[in-house]
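The values are calculated or read from the model by the stated rules, or taken from the named source; none is laboratory data. Computed from a prediction, not measured in an experiment: that's the story for all the values here. Neighbour counts are summed over all protein chains in view; Cβ atoms, including those assigned to glycine, are modelled from backbone coordinates with ideal geometry. These accessible areas exclude ligands, DNA and RNA; they are computed on the full protein's heavy atoms, side chains included. Shrake-Rupley method; radii C 1.70, N 1.55, O 1.52, S 1.80 Å.
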Amino acid sequence: MGTSVYATLGRLASPPVFYRIAEASRIWLIGLFLLLFIPGIYGALIGAPPDYQQGEGYRIIFVHVPAAWMSLFIYVNMAGMAAVSLIWRGKTAAICARASAPAGAAFTALTLATGSIWGKPMWGTWWVWDARLTSELILLFIYLGYMALVASIPDRRTAAAAGAILLLVGLINIPVIHFSVDWWNTLHQPATIAKFGAPSIDKAMLMPLLLMAGSFMVFYLAVMATMAQALLLEQEASSQWAKQAAS
Amino acid sequence: MKLPLLRRDLLVAARRPGEWLIPLAFFTATVAIFPLAIGTRPETLRTIAPGVIWTVALLSSLLSQDMLFRRDIRDGSLEQLLLSPRPLILAVLAKAVAHWLACGLPLIVLAPLLAAWMQLPAEQLLLLLVTLPLGTAVFSLLAVFAEAVAAGASRSRFLGGMLALPLCMPAVIFAAAAVAGDAPAAPLLLLAACLSLAITVLPLAAAGALRASAQGI
């Protein structure tokens, strides 16, 4: 049992197989994204009732909150793939980690931008040095540092290994950063979804939020797979399957 | 106890004083900019002093980390280090200690002068002198780690600094809070915790990164 699971995973991780699966699944991923995104954005902008305190302005959280979830999820996912690439020397895992970084940085930037737009009417200022805002900003710096690192090491294998080690050390550091930044008294509203028991959010608001989160996740998978395909072709340019795939 | 690598690095530092004197001069001169730019009101200076001194200490550490492995890569001594039968972690640790002795320790010696410039009262100077060794040691370990990770990118200057900067932030927050706050015990302990974490994780990670980088150099 254990060996067969590993064998399946190992086959999946071979570059030509991964390339073919990614190629075949792209259209499905885009379709699923639209299937989740269209009702999600409709529910977010039109369907959900206005908030009794914040009026219509709160609707930006339907983008802000899923983007913030994705910014953290992608980082943790990248660190997981980095660990796989270091332990089992997986080429594909290393490439997927690398291909995730632009999406992660983009979601982090989107979180900061939407938070800032929301903050202007609600807090009366574009930027506050609130704990979560600040950790998100530092996360953006970590993403950009990772991207700069892998881009400036010419040797692919070195870039992958150095990037993986940076990701893992960053993973240890992110809770420390978050905790240290929490030192200040925080202005941010406390989390309303991840409470134990019933979440303190109305169902009419929760549904679009979850749909948006799902669509962001599928969007990330589609972007990551496409970018990983391009990176794989570039890295394996001399191999037979890459020549066939590119022709 | 012969510590050949530590002695070699210190000897190199002694022969090239510019590499650690310039960051030190930079540190001193930058602190002097603040009264000139912000004004000399003692209350203002006293309020910003912990933050200013810690920011500038971080900058001078980032400024001096650039040469940590660069010369060793160029003249091939890094490869000798990797081939040596002794554990690489010890070599990395020796690098960090040498960096701290050349860049962290002089800052501590200069701290009373800077505290006087920034009108810092004596009890806060004492806290500064307690936090500086802890915080600069974290900086040195992070500097060695970041430069080891960036060792394969020999043409990008300041890449290591860019990698180290976000990771240094917790240490800066705790250190500055310990010097500035009314209750220094908690941030001081947390700063010490940062150092214990750094000294546990970073030499291991830096050694791994050096081995990985050696394939591509």
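Tabulated values for the structure
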{"quantity": "Selection within segment B:181-191 - among the aliphatic types (A, V, I, L, M) and either at pLDDT below 90 or surrounded by 18 or more Cβ atoms within 10 Å (Cβ to Cβ) (or both)", "calculated": "B:ALA183, B:ALA185, B:ALA186, B:LEU188, B:LEU190, B:LEU191"}
{"quantity": "Test: residue in segment A:84-97 that is surrounded by fewer than 22 Cβ atoms within 10 Å (Cβ to Cβ), closer than 27 Å to B:PRO170 by Cβ and touching a residue at least 12 places away in the same chain (Cβ under 8 Å)", "calculated": "yes"}
{"quantity": "Single match in B:ALA205, B:ALA148, B:ALA209 (criterion: closer than 30 Å to A:ILE165 by Cβ and either open to solvent by 10 Å² or more (accessible area, probe 1.4 Å) or of a type in the set (Phe, Trp, Tyr) (or both))", "calculated": "B:ALA205"}
{"quantity": "Filter result for A:MET78 (modelled with pLDDT of 90 or more, open to solvent by less than 50 Å² (accessible area, probe 1.4 Å), out of contact with any Asp or Glu (no Cβ under 9 Å at 6 or more places or on another chain) and under 30 Å from B:ALA207 (Cβ atoms))", "calculated": "yes"}
{"quantity": "Extreme residue, surrounded by the fewest Cβ atoms within 10 Å (Cβ to Cβ), among residues of segment A:149-183 that are within 8 Å of chain B (Cβ to nearest Cβ), farther than 18 Å from A:LEU133 by Cβ and more than 21 Å from the chain's Cα centre (by Cα)", "calculated": "A:PRO154"}
{"quantity": "Any hit, segment B:124-144, residues being within 23 Å of A:GLY170 (Cβ to Cβ), open to solvent by less than 30 Å² (accessible area, probe 1.4 Å), modelled with pLDDT under 90 and within 11 Å of another protein chain (Cβ to nearest Cβ)", "calculated": "no"}
{"quantity": "Subset of segment A:58-104 (residues that are in contact with a Gly (Cβ under 7 Å, 6 or more places away or on another chain) and not in a helix (DSSP H, G or I))", "calculated": "none"}
{"quantity": "Condition met for B:ALA183 (assigned to a helix (DSSP H, G or I) and either touching a Leu at 6+ places or on another chain (Cβ under 8 Å) or of a type outside the set (Phe, Trp, Tyr) (or both))", "calculated": "no"}
{"quantity": "Single unsatisfied condition, B:PRO170 versus (1) crowded, with 24+ Cβ neighbours inside 10 Å; (2) at pLDDT 90 or above; (3) facing chain A (nearest Cβ under 10 Å)", "calculated": "(2)"}
{"quantity": "Residue ID - modelled with the highest pLDDT, chosen from residues in segment A:109-137 that are of a type in the set (D, E, K, R) and either closer than 20 Å to A:ASP182 by Cα or buried (at least 18 other Cβ atoms within 10 Å of the Cβ) (or both)", "calculated": "A:GLU136"}
{"quantity": "Any helices (runs of 4 or more DSSP H) falling wholly within segment B:1-99 and containing at least 2 residues that are of a type in the set (Lys, Arg) and exposed (fewer than 13 other Cβ atoms within 10 Å of the Cβ)", "calculated": "B:4-15"}
{"quantity": "Contacts under 9 angstrom Cβ, first residue in segment B:67-94 being closer than 19 Å to B:ARG155 by Cβ, partner hydroxyl-bearing (Ser, Thr, Tyr) and assigned to a helix (DSSP H, G or I), 6 or more apart", "calculated": "B:PHE69/B:SER213; B:ARG71/B:SER77; B:ILE73/B:SER213; B:LEU78/B:SER213"}
{"quantity": "Filtered residue count, segment A:120-148, keeping only those that are under 23 Å from the mean Cα position of the chain (by Cα) and part of a helix (DSSP H, G or I)", "calculated": "18"}
{"quantity": "Pairs where the first residue, in segment A:156-168, is within 10 Å of A:TYR146 (Cα to Cα) and the second is of a type in the set (S, T, N, Q), C-beta under 7 Å, 6+ apart", "calculated": "A:ALA162/B:SER213; A:ALA164/A:SER85"}
{"quantity": "Hits in segment A:131-155 (condition: in contact (Cβ under 8 Å) with a residue 12 or more places away in the chain and of a type outside the set (A, V, I, L, M, F, W, C))", "calculated": "A:ARG132, A:THR134, A:SER135, A:GLU136, A:TYR143, A:GLY145, A:TYR146"}
{"quantity": "Options B:VAL179, B:VAL172, B:VAL201: the member that is touching a residue at least 60 places away in the same chain (Cβ under 8 Å) and over 15 Å from the mean Cα position of the chain (by Cα)", "calculated": "B:VAL179"}
{"quantity": "Breaking point among (1) in contact with a Pro (Cβ under 8 Å, 6 or more places away or on another chain); (2) buried (at least 16 other Cβ atoms within 10 Å of the Cβ), for A:GLU56", "calculated": "(2)"}
